[in-house]
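For reference, the structure discussed in these notes is given below.
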Amino acid sequence: MEKNYFVHPTACVDPGCQVGDGVRIWHFSHLMPGCTVGADCNIGQNVFVAGGVVLGKNVKVQNNVSIYEGVVCQDDVFLGPSMVFTNVINPRSAVNRKGEYARTVVGKGATIGANATIVCGNDIGAFAFIGAGAVVTREVAPYSMVIGNPARHRGWMSEFGHKLEFDSNHRAICPESHQEYLLENNRVTKVK
């Protein structure tokens with residue numbers, strides 16, 4: 001069977017990986033058996049993808065990212081350089097916790113900035129924006145922008161990655177896409 005994706009000669013893609021068309025896997029990266037990588041993903045240099053990980057279509061994984069079992073990234077997710085996922089709440093070297101991996105789902109179109117840490121079991125909503133260096137210790141709502149340690153909500157972002165400024169009618173317009181958003185009950189939705 002012909003492969004329709006690129007693997008750099010220094011990368012290791014173990015048998016049993018599902019890799020979609022158009023994927024690019026760069027220097028010194030390692031994909032473990034049982035992982036799924038959707039079409040058109042870009043796996044940067046020195047990336048580790050564990051078995052059981054699911055990456056949707058067009059996920060961009062920047063250099064030095066480890067994605068551990070229990071992580072699911074939906075389509076169009078951006079994982080910034082050296083960001084970190086965990087998968088066990090209370091790891092100990094002498095205690096085997098392989099049966100306790102917590103699931104973390106990163107919603108469609110979300111961005112996780114460089115050097116951010118996502119503590120396992122805390123889902124990231126669609127189109128959320130996690131600032132560089134943030135430490136996420138709780139769920140992040142769709143379109144929410146969070147920064148700091150621990151990460152705190154500091155605003156709302158459009159699907160094009162612009163901070164939204166809501167008027168007195170709780171409506172905002174993305175300056176790039178001109179798409180309208182509505183803020184109700186501390187949740188943002190895109191107006192159709």
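Using Cβ contacts closer than 10 Å as the measure, can you line up MET83, MET145 from fewest to most?
In order of increasing Cβ crowding within 10 Å: MET145, MET83.
Considering only PRO142, PRO15, PRO150, give the residue with the highest GNM mean-square fluctuation for the chain, with springs between Cα atoms whenever their separation is below 10 Å.
In the Gaussian network model the winner is PRO15.
Relative contact order for segment 1-72 using alpha-carbon pairs under 8 Å, separation at least 6, rounded to a whole percent?
Reported as a whole number, the value is 24 percent.
For segment 101-164, report the % of Cα-Cα distances exceeding 14 Å.
48
Test of understanding: what is the full-extension gain from ASN169 to SER93, defined as 0.36 nm times their sequence separation minus their Cα-Cα distance? Show your work: numbers first, answer last.
Numbers: separation 76, 0.36 × 76 = 27.36 nm, distance 5.32 nm.
Stretched fully, the ASN169-SER93 segment lengthens by 22.0 nm.
Let me check I have the definition right: for segment 16-123, take the eigenvalues of the Cα gyration tensor, multiply each by 5, take square roots. What are those semi-axes in whole Å, largest first?
Semi-axes, largest first: 21, 15, 13 Å.
Expressed as a rounded percentage, what relative contact order does segment 75-121 have, with Cα pairs under 8 Å and six or more residues apart?
61
Quick one: P(r) of the chain from all Cα-Cα pairs, 5 Å bins, percents rounded to integers, in order of increasing distance.
Calculated P(r), rounded to whole percents: 2, 8, 15, 20, 17, 14, 11, 7, 4, 2, 0, 0.
Let me check against my output: what whole-number percent is the relative contact order of segment 1-156, with C-alpha pairs under 8 Å and at least 6 apart?
It rounds to 12 percent for segment 1-156.
Enumerate by residue number the chymotrypsin sites (Phe, Trp or Tyr not before Pro) in segment 1-104 meeting two conditions: DSSP loop (anything except H, G, I, E, B), and at most 10 other Cβ atoms within 10 Å of the site's Cβ.
Those that pass, being in a loop and sparsely packed, number zero.
DSSP beta bridges in the chain, what fraction antiparallel, as a percent rounded to 5? Please list the in-between numbers first.
Values: 13 of 49 bridges.
The answer is about 25 percent antiparallel.
How far, in nm, would the chain grow between PHE28 and ASN122 when pulled straight, counting 0.36 nm per residue and subtracting the alpha carbon separation? Display every interim value, and only then the final one.
Details: separation 94, 0.36 × 94 = 33.84 nm, distance 2.88 nm.
So the extension gain works out to 31.0 nm.
Find which of CYS35, VAL59, ASN87 sits farthest along the positive direction of the dipole of the chain, computed with +1 on the beta-carbon of Lys and Arg, -1 on that of Asp and Glu, about the Cα centre.
ASN87
Quick check: residue separation of GLU176 and GLN18 times 0.36 nm, minus the Cα distance between them. What number comes out in nm?
53.3 nm
What are the ³J(HN,Hα) couplings of segment 29-35, residue after residue, when phi is run through the Karplus curve with 6.51, -1.76, 1.60 and θ = phi - 60°? Round to Hz, x for glycine and proline.
Values, residue by residue: 8, 9, 10, 8, x, x, 7 Hz.
A short reminder: the numbers here are calculations on the coordinates, not readings from a lab. Since the model is a prediction, treat every value here as computed from it, not as a measurement. We place every Cβ from the backbone using ideal geometry, glycine too, and count neighbours over all the protein chains shown.
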